[in-house]
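Asker: My questions all concern the structure below.
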Amino acid sequence: MKKLLVLLMVLVTVAGGMVFAAGASEVAATGSDLITVGYSQVGAESDWRTANTESFKSTFVEANGYKLIFDDAQQKQENQIKAIRNFIQQDVDYIVVAPVVETGWDTVLTEAKAAGIPVILSDRMMKLSDDSLYLAWVGGNFLKEGQDGVSWLNDYVKKAGRENEDLNIILLQGTIGSSAQVGRTQGITEGLAKNPRYKLLAKQTGEFTQAKGQEVMESMLKAYSDIDVVFAENDNMAFGAIDAIKAVGKVPGKDIIIISFDAVHEAFNKMIAGELNCAVECNPLHGPRVAEIIQILEAGGKVEKIMYVDEGVFDTSNAKEVLPTRKY
Ligand code: GZL
């Protein structure tokens, strides 16, 4: 909007006979001088996503000098590409994308670059032929999250005196091809491969949703009579798995150890209830981080290309004391 205003004022002036020297001076800021941000969000598939969206909607408000154009892609890449083209048409000042999957973005980001609109990535990463197509990325370290989940299992096995027991493990994956799934799956599978006692029986996507997570866990319980551990690549799939485990008369958190990712509010409730054993944090509060990047850019400053958010690991031993401090 800001650029459009400046262009209109220059055009009107030139039309009126005055000619602006090249590099016309800044037009005085006006009330409508808001920074317009087009934000393409993955969807609304999980508690984490809801918190992530809220973080943007509460940050990019007029009181903070922004006009937010928000688009929910319902987990479809074609909807995100459409939204980005729409933002280009509207000549927004910045485009922010949480890409549902890593690949397939070069063409549309090239269009944004040609239109002179900076792109900032939030949450998941894109695989691009040219890294200059985006300015900066803010998100979780998914590979480390997966590694941290296996480290927790290694500690659990020692404390429980189960080092000499073969453990049958199931992996509920997130949306295949999303960087959260790619990184967590790599961290988990590489970590499990280091211990011959860990038997990864199967891995299958639950699309990061509770319903699909429950459905996949039901089929796994039918296929395998002796599952000891479940890794769920987000909390909502873990919640679905907990319901499936209860439905066959087993005790989640005891008969089957469950390790999940995100550490949203409900995961803490499940850990306090003993139904979930560990939640590896993935911080969704990216709104303020992205706003910080935009403010630095607006002031002509330089920003880091890659910025990881701080993340911890929580379990039944600390869930009760930590819960009151949680922001999501
Ligand atoms: C992680 C994010 C993932 C969450 C899921 O940064 O991309 O997507 O782990 C969400 O809950 O659906």
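The values are calculated or read from the model by the stated rules, or taken from the named source; none is laboratory data. This one's a predicted model, so the numbers in the text were calculated from it and none came from an experiment. Virtual Cβ from ideal backbone geometry, glycine too; neighbours counted across all protein chains shown.
Every residue, every condition in (1) crowded, with 21+ Cβ neighbours inside 10 Å; (2) within 27 Å of the chain's Cα centre (by Cα); (3) more than 12 Å from the ligand (Cβ to nearest atom); (4) not assigned by TED's automatic domain parsing to the domain that holds Tyr198, yes or no:
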site: Asn154; (1), (2), (3), (4): no, yes, yes, no
site: Val157; (1), (2), (3), (4): no, no, yes, no
site: Glu163; (1), (2), (3), (4): no, no, yes, no
site: Ile170; (1), (2), (3), (4): yes, yes, yes, no
site: Ile176; (1), (2), (3), (4): no, yes, yes, no
site: Gln181; (1), (2), (3), (4): yes, yes, no, no
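Asker: Turning to a different aspect of this structure: Given the stretch 64-146, what strands (runs of 3 or more DSSP E) lie entirely inside it while holding 1 or more residues that are small (Gly, Ala, Ser) and within 28 Å of Phe231 (Cβ to Cβ)?
Answerer: Because the criterion is at least 1 residues that are small (Gly, Ala, Ser) and within 28 Å of Phe231 (Cβ to Cβ), the strands (runs of 3 or more DSSP E) in the stretch 64-146 that meet it are 119-122, 136-139.
Asker: Right, next: Of all residues in the stretch 236-257, which are within 20 Å of Thr175 (Cβ to Cβ) and either among the aliphatic types (A, V, I, L, M) or at pLDDT below 95 (or both)?
Answerer: Met237, Ala238, Ala241, Ala244
Asker: Could I ask something else about it? Given the residues Gly183, Gly140, Gly161, Gly146, which is the only one that is under 30 Å from Glu298 (Cα atoms) and small (Gly, Ala, Ser)?
Answerer: Gly140
Asker: With the checklist (1) out of contact with any Phe, Trp or Tyr (no Cβ under 6 Å at 6 or more places or on another chain); (2) within 22 Å of Gly213 (Cα to Cα); (3) more than 13 Å from the ligand (Cβ to nearest atom); (4) not hydroxyl-bearing (Ser, Thr, Tyr) in hand, flag the one item Leu201 doesn't pass.
Answerer: For Leu201, the failing item is (1).
Asker: Here is a follow-up. Does any residue of the stretch 234-246 turn out to be over 30 Å from Thr36 (Cβ atoms), touching a Phe, Trp or Tyr at 6+ places or on another chain (Cβ under 6 Å) and not in a strand (DSSP E or B)?
Answerer: yes
Asker: Still on this structure, I have one more. Against the condition at pLDDT 95 or above and within 20 Å of Phe208 (Cβ to Cβ), how does Ala232 come out, does it pass?
Answerer: Considered against the rule, which asks whether it is at pLDDT 95 or above and within 20 Å of Phe208 (Cβ to Cβ), Ala232 comes out as yes.
Asker: Could you say whether any residue in the stretch 28-49 is modelled with pLDDT under 95, among the polar types (S, T, N, Q) and either part of a loop (DSSP other than H, G, I, E, B) or touching an Asp or Glu at 6+ places or on another chain (Cβ under 6 Å) (or both)?
Answerer: yes
Asker: Right, next: Given the condition assigned to a strand (DSSP E or B), of a type in the set (A, V, I, L, M) and more than 30 Å from Gly287 (Cβ to Cβ), answer yes or no: does some residue in the stretch 153-168 qualify?
Answerer: yes
Asker: Do any residues in the stretch 254-272 that are under 13 Å from Ile227 (Cβ atoms) and touching a residue at least 60 places away in the same chain (Cβ under 8 Å) have Cβ atoms under 7 Å from those of residues that are of a type in the set (Lys, Arg) and within 16 Å of the ligand (Cβ to nearest atom), where the two are at least six apart or on different chains, and which pairs are they?
Answerer: Correct list of pairs: empty, since none qualify.
Asker: Any idea which of (1) away from the ligand (no atom under 16 Å from the Cβ); (2) touching a strand residue (DSSP E or B) at 6+ places or on another chain (Cβ under 7 Å) is the one Ile272 doesn't satisfy?
Answerer: Of the numbered conditions (1) away from the ligand (no atom under 16 Å from the Cβ); (2) touching a strand residue (DSSP E or B) at 6+ places or on another chain (Cβ under 7 Å), the odd one out for Ile272 is (2).
Asker: Select from the stretch 204-227 the residues that are within 13 Å of the ligand (Cβ to nearest atom) and closer than 15 Å to Gln181 by Cβ and list them in ascending order.
Answerer: Those that are within 13 Å of the ligand (Cβ to nearest atom) and closer than 15 Å to Gln181 by Cβ: Thr205, Gly206, Glu207, Phe208, Thr209, Lys212, Gly213.
Asker: If we keep just the residues of the stretch 281-328 that are under 16 Å from Met125 (Cβ atoms) and of a type in the set (D, E, K, R), which is farthest from the chain's Cα centre (by Cα)?
Answerer: For the stretch 281-328, the residue satisfying everything is Glu304.
Asker: Moving on to the next point. Using beta carbons and a limit of 8 Å, which pairs, at least six apart or on different chains, have the first residue in the stretch 36-61 and over 25 Å from Ala279 (Cβ atoms) and the second one assigned to a strand (DSSP E or B) and within 16 Å of the ligand (Cβ to nearest atom)?
Answerer: Close Cβ pairs (under 8 Å, with a partner that is assigned to a strand (DSSP E or B) and within 16 Å of the ligand (Cβ to nearest atom)) amount to Val37/Val96; Gly38/Val96; Tyr39/Val96; Tyr39/Val97; Ser40/Val96; Ser40/Val97; Phe60/Tyr39.
Asker: Something else now. Please count how many residues of the stretch 108-135 are out of contact with any Leu (no Cβ under 8 Å at 6 or more places or on another chain), under 22 Å from Gln295 (Cα atoms) and more than 16 Å from the ligand (Cβ to nearest atom).
Answerer: Residues in the stretch 108-135 being out of contact with any Leu (no Cβ under 8 Å at 6 or more places or on another chain), under 22 Å from Gln295 (Cα atoms) and more than 16 Å from the ligand (Cβ to nearest atom): 5 in total.
Asker: Continuing with this model, one more query. Would you point out which residue out of Val230, Val280 is assigned to a strand (DSSP E or B) and away from the ligand (no atom under 14 Å from the Cβ)?
Answerer: Selected residue: Val230, the only one of Val230, Val280 that is assigned to a strand (DSSP E or B) and away from the ligand (no atom under 14 Å from the Cβ).
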